[in-house]
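A quick write-up on the structure given underneath.
The values are calculated or read from the model by the stated rules, or taken from the named source; none is laboratory data. All of these numbers come straight from a predicted model, not from anything done at the bench. Cβ placement follows ideal geometry from the backbone for every residue including glycine, while neighbour counts extend to all protein chains displayed.
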Ligand SMILES: Cc1cc2nc3c(=O)[nH]c(=O)nc-3n(C[C@H](O)[C@H](O)[C@H](O)COP(=O)(O)O)c2cc1C
């Protein structure tokens, strides 16, 4: 995974160079609002990334910064806010599951966008997968991963997961989408 690191650093100098670039002042005109507005034009699916907390409890967060990274070996990456409680659990547990939401599961996205609430799990049907990470009932797909590598990414952390198990629902249901700060579906 050295290549990914070099790519993030922009040079072959590695993490030190990346950290130095990270501290640079933002380019003139690239305000947080303008950056958000621009990147918000990029439509994504929506997932709930789950793991297991220190006390064995289920944890999860809504995440759309999720990308397929490599086919051989099978890798995905998830970008977590450095303050995320789910990230803390993922680091400690060493594994996570990516649950891909269907359009009808928008309520789950809203639910898991709340920070670290045990109450978020009340009424949510789930079962532990192979790595122990919760798999949510009725999702379009679930990818179970073990943590392969972590990289710094500004105010986020990039977690690369090696895919240990996959399951798809087999149902033809539209995915939940996120675009320009709002939820959508393929029909909308
Ligand atoms: C549609 C959507 C996508 C999100 N994507 C991410 C993401 O990719 N990474 C992230 O860290 N937070 C993301 N969030 C915000 C987290 O879900 C939110 O901060 C949550 O409270 C974090 O909970 P935790 O601290 O228990 O992990 C997203 C929220 C929404 C509504």
Of the residues in the stretch 52-78, those that are more than 24 Å from residue 182 (Cβ to Cβ), within 9 Å of the chain's Cα centre (by Cα) and within 7 Å of the ligand (Cβ to nearest atom) number 0
Of (1) away from the ligand (no atom under 14 Å from the Cβ); (2) free of Cβ contacts under 8 Å to residues at least 12 places away in the same chain, residue 182 satisfies all except one. Which? (1)
With the structure loaded, tell me whether residue 106 is in contact (Cβ under 8 Å) with a residue 40 or more places away in the chain, assigned to a helix (DSSP H, G or I) and surrounded by 14 or more Cβ atoms within 10 Å (Cβ to Cβ) or whether it fails that test. yes
So, of the residues in the stretch 72-103 that are touching a helix residue (DSSP H, G or I) at 6+ places or on another chain (Cβ under 9 Å) and within 12 Å of residue 156 (Cβ to Cβ), which turns out to be surrounded by the most Cβ atoms within 10 Å (Cβ to Cβ)? 78
With respect to residue 86, determine if the residue is more than 16 Å from residue 45 (Cβ to Cβ) and either in the same structural domain as residue 53 (by TED's automatic domain parsing) or without any contact (Cβ under 8 Å) to a residue 40 or more places away in the chain (or both). yes
I'd like to know if the stretch 116-133 contains one or more residues that are under 15 Å from the mean Cα position of the chain (by Cα) and more than 9 Å from the ligand (Cβ to nearest atom). yes
Tell me, please, whether a residue that is in contact with a strand residue (DSSP E or B) (Cβ under 9 Å, 6 or more places away or on another chain) and at pLDDT 95 or above can be found in the stretch 31-38. no
Given the conditions (1) within 11 Å of the ligand (Cβ to nearest atom); (2) in contact with a strand residue (DSSP E or B) (Cβ under 7 Å, 6 or more places away or on another chain), every one holds for residue 93 apart from (1)
Counting only residues in the stretch 109-148 that are without any contact (Cβ under 8 Å) to a residue 60 or more places away in the chain and in a helix (DSSP H, G or I), the one farthest from residue 53 (Cα to Cα) is identified as 110
